[in-house]
Amino acid sequence: MTSNSCCHPSSAFIDFLDVGGTMTISQEIANLTEDSGQDLPEENVQIGSIQGTVVGLRYYTGTVNRGEMVSLVRQPQNPYDRNAVMVANVYGSQVGHIKKELAAPMAYIMDNNLARVEGVVPYGETNKFSMPVNLTFWGKEENRDAVHNQIRRHGFKLGTEFKGSLICLFALKNAFDKLFDDLMEDKTREMEPAEVVCTSLLPHQKQALSWMTSRENSNDLPPFWEEKSGLYFNVLTNFAVKERPEKVLGGILADDMGLGKTLTTIALIASNFHNGKPLPLEQSVRSRRSSSTCKMKSTSKGKKSDQFEQHIRADVTLKVYLYYGAERIRSVKLLSEQDVVLTTYNVLSSDFGNKANSPLHKVNWLRVVLDEGHVIRNPNALQSKAVLELQSERRWILSGTPIQNSLKDLYMLMSFLKLKPFDVKEWWSRIIQRPVTMGDRVGLKNLQVLVKGITLRRTKNSKVAGRMLVQLPERRVFVQHVTLSEEEREEYEQVRKEGRKVIGRYFEEGTIMTNYADVLAILVRLRQYCCHPGLVGKYTGADDPGTPSELRERLINKITLVLNSGSDEECAICLDSLRQPVITYCAHVYCRPCICEVIRSEKQARCPLCRAQIKTKELVEYPGEEMQAGAATGENWRSSSKVDALMSNLLKLRNEDPTVKSLVVSQFTRFMDLIEVPLREYGFSFTRLDGSMAQKTRAKAIQDFQDSSPGSPTIMLLSLKAGGVGINLTAASHVFMMDPAWNPAAEDQCVDRCHRLGQSRDVVITKFIVKDSVEENMVKIQKKKQELVDKAFGVKKPQDLKQARMEEIRALMEI
DNA sequence: ACCGCCGGGTGCC
DNA sequence: ACCGCCGGGTGCC
């Protein structure tokens with residue numbers, strides 16, 4: 001046993017956005033082919049092919065098999081020929097070079113991005129000095145002539161007949177064999193968790209535990225690899241390598257949300273604690289143990305550490321360290337001594353960005369678990385890079401939506417799992433992504449086999465031995481229309497008239513998108529009026545910038561509006577939710593890392609949305625929610641129609657059954673402040689959870705609310721965004737949605753916090769919608785979108801986004 | 001012979 | 001490489 005401080009800490013958790021679904025995996029894959037067009041735009045055309053020669057074999061160690069794919073890599077720095085094109089096998093080992101005569105036109109084509117070149121060695125794989133290689137050129141249709149001409153100029157001719165690839169035929173047979181193997185393979189064996197786990201597991205959770213444990217303790221080669229005469233073959237791809245492929249002792253637990261992925265993972269940590277043995281009960285034995293555990297989770301979300309407390313016997317000390325917050329101790333030694341380390345994607349990537357000082361990346365973890373693992377779907381995001389660099393043999397992804405948008409997401413997962421050769425983009429594209437995109441059945445089959453081999457997925461509708469996995473109580477939604485008082489209506493119409501005038505002008509000028517922040521501000525004001533007039537802040541229009549400090553103030557106002565609008569704004573660069581949001585002088589909001597990267601990579605950096613010049617030092621940060629002026633909650637407090645509607649519901653409920661607990665959900669934290677007043681007045685005991693609260697305060701709020709003893713809070717004021725994944729609020733059986741969200745999925749998710757495993761009552765959801773208002777228009781848009789989603793399965797087309805937004809604004813403002 | 005031809009040495013880019 | 005190519009040796013029939 002070495003005294004290396006980075007030995008075996010164990011698991012890591014990272015969270016994601018979870019959208020429930022009831023599809024089987026094969027359906028999900030089938031759907032992929034529909035929207036995958038956006039992944040590979042028009043790069044998919046085959047321009048032509050030619051047979052070339054790989055020379056210099058005797059100087060390199062890389063070997064290939066008959067029918068094996070090879071990659072072509074430019075070597076512009078080669079001292080003998082700046083046109084050199086290296087040939088490498090799937091493992092990246094050099095096999096040789098393309099003969100120089102052909103390398104010359106290839107170099108031009110590759111360097112100018114006229115086409116990508118793919119190679120397959122058809123025969124002659126045992127030749128000593130050179131071997132033939134079939135080269136296929138792929139690229140945009142418009143480059144076809146340029147490529148053909150370039151090749152012709154050098155005395156070659158590019159054939160255009162489609163060359164069926166040998167590899168597919170081989171793979172077909174193997175894939176079918178494997179498919180049947182997988183059908184046979186049972187994932188229904190159950191395993192009892194370790195004694196230290198005090199929560200009893202449901203049958204499907206025991207099955208997951210068994211499957212995960214067997215994957216972790218397996219000495220087998222990774223999926224699809226076989227040993228043959230001292231070489232390792234990949235049966236899907238026909239690749240052979242000398243080195244034993246790295247173990248893949250993990251996979252994807254892709255159960256629907258609410259099926260207990262976290263509990264199962266905790267059971268796994270405790271039951272396969274070290275050397276295949278469970279976490280023992282006796283303290284003395286434990287102290288000699290040399291392993292520890294790390295686990296990653298995402299920001300804001302539920303308290304995983306609480307769940308450890310909840311599910312692990314109290315007389316067992318499991319060392320759990322919360323590695324987040326400014327006070328976190330960046331010590332490799334400390335982390336290595338833990339059984340479980342919980343951290344967040346943001347902490348992980350911020351440490352990672354700060355290269356010298358990321359203890360998380362210096363520890364060799366026993367196990368890394370990405371909770372809500374689909375957050376790493378963007379390969380360029382710093383978070384993803386930081387996750388990929390974590391060291392561990394046992395890599396797990398927990399995700400309710402493993403294949404959320406496209407095959408690219410799946411590539412990232414393969415990359416994280418280090419499932420060779422799919423962790424390298426070129427091979428992923430050639431073997432899976434392109435074939436599937438082009439509708440190749442073999443490619444699809446291979447993808448299915450691949451996913452099946454490493455994924456366990458059950459849905460709420462799956463059955464174990466003929467029974468539903470979980471029987472959830474009913475969930476009923478009521479929309480309660482609220483009529484504004486005369487006074488409120490008057491004010492509302494006033495604001496609406498002004499807003500329509502401003503937005504109408506933008507439409508005429510065609511400047512809607514450049515003034516998007518203003519438009520959003522107007523919409524937010526209207527929505528705030530629907531809730532409570534006291535919410536509405538001062539209007540700062542798009543006047544002249546004034547002094548820098550005035551500009552700054554205006555920008556802070558705007559970014560605050562954007563972020564608090566609850567519209568779930570995406571960063572236009574990473575297309576993901578905003579992280580470390582900043583606003584440009586031209587009033588567009590991006591993640592700081594994303595926009596900084598843009599500025600770094602361009603000499604004359606321009607705003608991706610409006611092409612205005614931007615500079616790093618001109619980015620204005622979001623100051624956080626504390627900055628906001630408190631609403632009038634003092635003596636001059638007044639009620640609103642919506643607040644009245646809520647209160648009458650709450651009072652009625654309390655009358656009928658004082659033990660009933662409710663969630664009161666809003667996107668406006670200041671609305672929550674306002675609601676606190678009448679709650680106090682009527683003697684309700686309540687708690688609160690919003691995005692501005694520290695992790696520890698949140699945990700307390702949740703714990704208080706979940707407590708069922710008399711006098712415990714019966715109401716939780718919950719901000720829509722804080723009600724993210726993972727939080728368990730099953731104590732509530734009523735949900736009041738105070739204001740409609742742009743994104744209905746966000747509302748569903750929020751409701752899922754209480755409508756989940758452990759809920760014993762039927763869940764009643766009441767949505768307050770103000771009649772004849774922007775809120776009604778929002779609901780209409782929601783409905784329309786939902787219909788689209790039902791029809792086309794949520795195709796997200798960035799080029800339509802702008803148009804769609806403009807249409808939305810028209811509909812909302814009735815212009 | 002400022003050639004042709006022969007046969008050994010040699011060999012990616 | 002059981003090739004091509006290079007360059008030295010060589011030279012009527």
Restricting to the stretch A:354-377, name every residue that is within 22 Å of the chain's Cα centre (by Cα), open to solvent by less than 20 Å² (accessible area, probe 1.4 Å) and at pLDDT 85 or above. A:360, A:367, A:368, A:369, A:370, A:371
Taking the stated definitions as given, is residue A:421 part of a loop (DSSP other than H, G, I, E, B), touching a strand residue (DSSP E or B) at 6+ places or on another chain (Cβ under 7 Å) and farther than 16 Å from residue A:252 by Cβ? yes
Residue A:85 fails exactly one of (1) open to solvent by 10 Å² or more (accessible area, probe 1.4 Å); (2) under 40 Å from the mean Cα position of the chain (by Cα); (3) near DNA strand B (Cβ under 10 Å from one of its atoms), namely (1)
Within the stretch A:427-444, is even one residue within 20 Å of the chain's Cα centre (by Cα), within 30 Å of residue A:273 (Cβ to Cβ), surrounded by fewer than 24 Cβ atoms within 10 Å (Cβ to Cβ) and at pLDDT 85 or above? no
Flag if residue A:123 is closer than 30 Å to residue A:419 by Cβ and within 16 Å of DNA strand C (Cβ to nearest atom): yes
Being in contact with a Lys or Arg (Cβ under 9 Å, 6 or more places away or on another chain) and open to solvent by 50 Å² or more (accessible area, probe 1.4 Å) is the filter here, so list the residues in the stretch A:673-695 that pass it. A:682
Per the filter on the stretch A:305-353, residues more than 30 Å from residue A:205 (Cα to Cα) and either over 24 Å from the mean Cα position of the chain (by Cα) or open to solvent by 70 Å² or more (accessible area, probe 1.4 Å) (or both) are A:326, A:327, A:328, A:329, A:330, A:331, A:332, A:333, A:334
Select from the stretch A:103-130 the residues that are more than 12 Å from DNA strand B (Cβ to nearest atom) and part of a strand (DSSP E or B) and list them in ascending order. A:116, A:117, A:118, A:119, A:120
Hey, residue A:100 within 16 Å of DNA strand B (Cβ to nearest atom), farther than 15 Å from residue A:47 by Cα, free of Cβ contacts under 8 Å to residues at least 24 places away in the same chain and open to solvent by 40 Å² or more (accessible area, probe 1.4 Å) or not: yes
Checked the stretch A:131-148 for anything over 25 Å from residue A:62 (Cα atoms) and either within 16 Å of DNA strand B (Cβ to nearest atom) or free of Cβ contacts under 8 Å to residues at least 24 places away in the same chain (or both); matches are A:142, A:145
Please determine, by comparing only the residues of the stretch A:50-76 that are in contact (Cβ under 8 Å) with a residue 60 or more places away in the chain and within 11 Å of DNA strand B (Cβ to nearest atom), which one is surrounded by the most Cβ atoms within 10 Å (Cβ to Cβ). A:54
Residue A:469, sole failed condition from (1) over 30 Å from residue A:640 (Cα atoms); (2) open to solvent by 30 Å² or more (accessible area, probe 1.4 Å): (2)
Please verify whether the stretch A:139-158 includes one or more residues that are modelled with pLDDT of 95 or more, open to solvent by less than 20 Å² (accessible area, probe 1.4 Å) and under 16 Å from residue A:66 (Cα atoms). no
Here are some residues: A:226, A:195. Which one is open to solvent by 20 Å² or more (accessible area, probe 1.4 Å), acidic (Asp, Glu) and part of a loop (DSSP other than H, G, I, E, B)? A:195
Criterion: closer than 25 Å to residue A:770 by Cβ and free of Cβ contacts under 8 Å to residues at least 12 places away in the same chain - qualifying residue of A:681, A:656: A:681
Count of the stretch A:79-96 residues which are of a type in the set (Gly, Ala, Ser) and assigned to a strand (DSSP E or B): 2
Would you say residue A:117 is in contact with a Leu (Cβ under 7 Å, 6 or more places away or on another chain), away from DNA strand C (no atom under 16 Å from the Cβ) and within 17 Å of residue A:51 (Cα to Cα)? yes
Within the stretch A:696-713, residues surrounded by fewer than 16 Cβ atoms within 10 Å (Cβ to Cβ) and over 27 Å from residue A:321 (Cβ atoms) come out as A:708, A:709, A:710, A:711
So which of A:534, A:541 ends up being in contact with a helix residue (DSSP H, G or I) (Cβ under 8 Å, 6 or more places away or on another chain), more than 21 Å from residue A:743 (Cα to Cα), modelled with pLDDT of 70 or more and open to solvent by less than 40 Å² (accessible area, probe 1.4 Å)? A:534
In the stretch A:741-768, anything open to solvent by less than 10 Å² (accessible area, probe 1.4 Å) and either in the same structural domain as residue A:262 (by TED's automatic domain parsing) or over 30 Å from residue A:468 (Cα atoms) (or both) is listed as A:741, A:768
Look through the stretch A:126-138, keep the residues that are within 16 Å of DNA strand C (Cβ to nearest atom) and not aliphatic (A, V, I, L, M), and return whichever of them is least open to solvent (accessible area, probe 1.4 Å). A:132
Could you please find all residues in the stretch A:140-149 being among the polar types (S, T, N, Q) and farther than 10 Å from residue A:114 by Cα? A:149
Scanning the stretch A:619-645 for residues that are out of contact with any Ser or Thr (no Cβ under 6 Å at 6 or more places or on another chain), over 16 Å from residue A:670 (Cα atoms) and either modelled with pLDDT of 95 or more or surrounded by 13 or more Cβ atoms within 10 Å (Cβ to Cβ) (or both) gives A:619, A:620, A:621, A:622, A:644, A:645
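The values are calculated or read from the model by the stated rules, or taken from the named source; none is laboratory data. On a predicted model such as this, the values are computed, not experimentally measured, just so you know. Using ideal geometry, Cβ is built from the backbone for each residue, glycine included, and neighbour counts are taken over all protein chains shown. We work out accessible area using only protein heavy atoms, side chains counted, and drop any ligands, DNA or RNA first. Shrake-Rupley method; radii C 1.70, N 1.55, O 1.52, S 1.80 Å.
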